Each structure stands twice: as C-alpha cells, then as structure tokens.
1. Taking the stretch A:95-139 on its own, how many of its residues are within 23 Å of B:GLY288 (Cβ to Cβ) and away from chain B (no Cβ under 12 Å)?
2. Give B:ALA359, B:ALA349 a once-over and let me know the one that is closer than 17 Å to B:VAL308 by Cβ, buried (at least 23 other Cβ atoms within 10 Å of the Cβ) and either in contact with a helix residue (DSSP H, G or I) (Cβ under 8 Å, 6 or more places away or on another chain) or free of Cβ contacts under 8 Å to residues at least 60 places away in the same chain (or both).
3. If I go through the stretch B:178-234 residue by residue, how many of them are more than 16 Å from B:LEU82 (Cα to Cα) and at pLDDT below 85?
4. From the list A:ASP162, A:ASP169, A:ASP211, A:ASP215, pick out the single residue that is surrounded by fewer than 19 Cβ atoms within 10 Å (Cβ to Cβ), within 14 Å of chain B (Cβ to nearest Cβ) and touching a strand residue (DSSP E or B) at 6+ places or on another chain (Cβ under 9 Å).
5. Strands (runs of 3 or more DSSP E) wholly in the stretch A:118-221 with at least 1 residues that are under 16 Å from A:GLN93 (Cβ atoms) - which ones?
6. Among residues belonging to the stretch A:172-182 that are over 27 Å from A:LEU56 (Cα atoms) and not small (Gly, Ala, Ser), point out the one that is surrounded by the most Cβ atoms within 10 Å (Cβ to Cβ).
7. Here is a check on your reading of the model: is B:GLY288 within 14 Å of chain A (Cβ to nearest Cβ), surrounded by 18 or more Cβ atoms within 10 Å (Cβ to Cβ) and out of contact with any Leu (no Cβ under 8 Å at 6 or more places or on another chain)?
8. Being within 12 Å of chain A (Cβ to nearest Cβ) and surrounded by fewer than 20 Cβ atoms within 10 Å (Cβ to Cβ) narrows it down to one of B:ILE282, B:ILE300, so name that one.
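The values are calculated or read from the model by the stated rules, or taken from the named source; none is laboratory data. Quantities reported herein were computed from a predicted structural model and do not represent experimental measurements. All Cβ positions, even for glycine, are placed from backbone atoms using ideal geometry, and neighbour counts span all protein chains on display.
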Amino acid sequence: MTTAPRLAIDDVSFTYPGGSEAVVDRWSQTFVAGTVTALTGPSGCGKSTRLYLLALLARPTAGRVLLDGVPVERLSDPVRARVRAHRFGFVFQDAVLDPTRTVLDNIVESVLYRHEDPATFVGRAVELMDRVGVEVPLHRRPAQISGGQAQRIALCRALLADPDVVFADEPTGNLDRATADVVMGAMRDHAAAGGCVVIVTHDPTVAAQADVHLDLGPQAA
Amino acid sequence: MSRGRGPVRVLLRETVAAARAQRIVSLLTLLVVLGATTTTLVTAGRAEGAQSAVLAQIEQAGIRTVSVHAPVNGGAPLMSDLVDRFAAYDLVESALGFGPATDVRAAANTAGELVALRDVYGKIAEDAPASLTPVAGTRQVWATAQAVETLGLPGRGLVRAPYSETEYLVADEIELPMAVRSWDPVLLAPAVADTGDDPAPINTLVIVARRAADVGAVTELVRQELADIPAQDLMVETSQELADAYGMVDGELTRQNRAIILGSLASAVAAVTVVVWGAAMIRRRDFGRRRALGATRRMILTLVVAQVALLSVAGAVLGAAVGSAWLWWSGDPLPDPAYVASLAVVVAATTAVMSAVPAWWAACRDPLSELRVP
C-alpha cells in the first residue's frame, strides 16, 4: 500500500449560499492512494458536503483542496468538470441512474464525458456487473430493477474507467449485508489496485472495513 | 481501453440514443415542429403559391414592355439597327422593330378589305424563324388569325399592295406580342435588322425588360440611346405604372406572407421552448448527474440543442412533405420547391437555436443542489 496523499483538504470552510452557519469549519485532512476512508457521523454533520467539496462539486468558502498536491478549488468550471470526468468516480446516495436509458447505457455513461466511445467499454461493464453480483439483462431500465441492484449499477459506473478517486455516498444504504460486503469488496479491490476511496456511511460495519475511519461527530464541524 | 471514434460521432450517437430514450419529449418536439412547418406551408406557402401565380399573370400582361413610336418622316426617325443594339443589353429580354404600314388585300379579291402589313425586325416568337425565304421571288409573311379572316384567305394565299402591286405570300399564322396587339388585324413581313451602313427606318420599337423591376432602368436606357431624336418626334410608352402596381402587389403579398411565417415561427419556437424547458425541469437531476460525472456546461448545451435539432430537422422535413401533400390534394397552387426547402430549414434552424435558452438553463444546474438528498 502506497502512502502518497492523493487528496488533501487544507483548512477548508463551507457555508451554503444564503446560509449563516458554516457546515464545514476549518477542516483539514489527507486521503491517501490505496486506502478506503470512511466518513461517519450523525445526520446533518456535513458528511455529504465534505464529499462534494472533495469531489469538486462545491467550492469551499475558504481553504484549499489539493489533488496530487495541486490546488484545484479555484479552477474554472470546465476544468473542474474535466478533472471529475478523468480522475473521479461517483456513487450517489440513491444511485441516480438515468431512468430513460438501459442498465448498460447507465454504466458506460461516465466515459462519454471523457470523449471516449462508450461502446468500447461494454466488456468492462459486464465484468464489473459480475464482480458486484448484479445479474440483470443489460437492456433493462432502472425502473425494472431493485434499489440494491441500482446502487450496484451506480458502483459499476463509478469504477468503469478505473478512476484515481472514488467517492461513494451511502453506497450500501439499500443493500442487505451479503451484498453490502460484495460492494465493499469491490471498493477495497479498487483501493488495493492503487485507487483512493472515500465513503460516507452510517453503517458501522462498512466503516469497520475502511482503512481510515473519520468520525465527524458534533465536535468535528 | 481504446480511444473512441471521435468526439463528434460519440456525441451524435448519444444524441440519437437520448432522443430515442426520451420518447414523449421527442415525440412532442417532433410534432410541434411538424405542425409548425405544415401550418406555415398551408398558410404562407399557399399565399406564396397564389402570389407567384398572380404575379406571373401580371407579368404575362406585358408589364415589362417599353414601346417607342416615332413617325418615319420625322426629323430623325428610328432605324432598324436599334433592335440589335437594345437586344444586346443584359437588362433586355427581347427587342422588336416594326416598319411603317402598307395596305394589302387578297390578290384574288380586288374588292377585298385592306389590312396593314409591316416589316418586323428581330425574333417575334421563340419558335419563329428570324426570316422567311422568298418563294419564286415573292416575300413570305405571317398573318394574324384575324387578318386571315379579314382578308378572306383560305390558309396560305397571295396578298397584293394595291398601289405598288407588290405581292406577298402568307406563310403561316402568328400571334402578336402584347404591346402591339391593338394593331390586329395585321400581317408581318420578317426582315433582317440591318446593322450595316444602310439600316431601314422603323416607326415602332418594342423592348421587353427581363424583370418588371427593370422597366425603369430600361426606359432610362431607351431615353439615353435615343437622346439625339427630338422629344416631340418620339413617344415612349412604358408600363412603369403597371410595374409599380406589380411591385406594390408583390410587396403587400410578401409582407403578409412574412407576417404569417413570423407568426408560425414564433408559435413553433414558443411551443418547442416550453417543451424543452419542461423536459429540462423534469430532467434536472439528470443534468445534475451528468455535471457531477464530468459533463461540461457546453457539452450539456450541445447535447440538448443537438437533440432538438435532430428532431426539428425530422419534423420540418415531415412537415414540408405533409404540407405539400395537403396543398396538392386541395388543388391550391404549390409554392416553389426552393421556398418549401427554405421554410423547412428556417423552422428547423430557428427552433434548434432557440432551444439553446432552456438548454443553457439546464446546463447551469448546480449538481450539488440537484443531487443532494435532504
């Protein structure tokens, strides 16, 4: 396992537009390649907000976000989009699949924004589906699969292009224990291959499987 | 993983796939554009077809003609070489010169009615020869149907000038140009416009401009060319007033047509904007997800506009076909194919371009606020 810091948060604060209270207040943390980091804490403590700050989906009110030591928090919108497309993978809190497209279209969607041909990733998509134990026809629509299957499809989408960092917001929230273990196994494999994984979770079992566990209790905000 | 087949092709495939996947929105967009194109075609297109027919009718009435009359024994008469000179101008479609009238009657009937015979210089009709070969030393001439009847000739026949005893052979019937139709009954003897040293005197020159709008310029040209002839010896008749009326009719119909097109376009654009905006509202999370996964605003804008453009082109082509079929079926005059094609292009392009407004709104969705679960 390498110890090189992939991502770093340096004295970051964040207040939602129109809000008066900082959701994140002077937070500093490093995230190392080859590790799974779990962020836990009570609802409203700013776990997801921290994830979005790391993933360049929100700009910090103050402080710096460093990717491989380079400050990225003030990059222009198109450059941040390119960083997300080429370096990051996401698993959102409730899968967020495109309901009009097939399961396969949803998995290969992420490479579209890297200007690569999704058709060339079909084999990889099938391999990932097998890895996370989703057995649904590729032409099914999200409405025709279960919530647990949708979440695993979202994980396949996140892992498709072997991103440097995978962000997952409650990836096992809709899964039974056995399936949650399969999902965590896939994320641990990704970390073992040199990826950096950051998970927000309420599940202590998931947190226990992480290499680093950050408990963001009330004192952490 | 291998590199893709090029961003444009990938984007195009995604556009087609998205259009197919979002069936209701696609169908609505297609139907709106189809309806707008059809409606515009059966209203403005029908008006354009009728306008073309009316204007063609007016053009047929000889509004492009400039006639010049001058007495042969005036101070400086018109000469036949003017015909070729005027015919050489780009603004001029054709020029004809007519000599003074000579009375003739049927050779077989010395008490028959007299009919005027004139030399004609220039090509009197598209399919008429410039000259007729004399038969046994007798010049061949054309006669109008009314002249044949007045002379009492059984088809071809000889006519004779009672004073000079010159004989002519009526070779064929001919229709008079509009500008000299008042001369009927008349016989015309084709003569070669002499551009040499010895042109023949003529007393009427008929010049036809290429377009009604050119009548003023051609009239000015005539006045310049004939500046040496005293004004009192010359009478220039133009159809300028008729040409002006043509312009007014054309302008008024074009204005009305434009208003109908603009109305239809505005309706189509408004409807497509509502559809696209509604779809964007429904798909806010979709755009938020795309942004989070790395789509730039420009890419989302391109995807939405390309999707609308694709459907608009299909709708406009179908609308043009349906509208044309409708006009054909109802027996209305069909507009020019170029008009139909232009209309389809304008409707498709306008709706596609205007969809950029809701598309940009969609592209600016903040992924954080769209994806965050409270």
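1. Adding up the residues that qualify gives 1.
2. Of B:ALA359, B:ALA349, the one residue that is closer than 17 Å to B:VAL308 by Cβ, buried (at least 23 other Cβ atoms within 10 Å of the Cβ) and either in contact with a helix residue (DSSP H, G or I) (Cβ under 8 Å, 6 or more places away or on another chain) or free of Cβ contacts under 8 Å to residues at least 60 places away in the same chain (or both) is B:ALA359.
3. Count: 16.
4. Testing whether each residue is surrounded by fewer than 19 Cβ atoms within 10 Å (Cβ to Cβ), within 14 Å of chain B (Cβ to nearest Cβ) and touching a strand residue (DSSP E or B) at 6+ places or on another chain (Cβ under 9 Å) leaves just A:ASP162.
5. Correct list: A:165-169, A:196-200.
6. A:LEU175
7. It is false that B:GLY288 is within 14 Å of chain A (Cβ to nearest Cβ), surrounded by 18 or more Cβ atoms within 10 Å (Cβ to Cβ) and out of contact with any Leu (no Cβ under 8 Å at 6 or more places or on another chain).
8. Answer to the check: B:ILE282.
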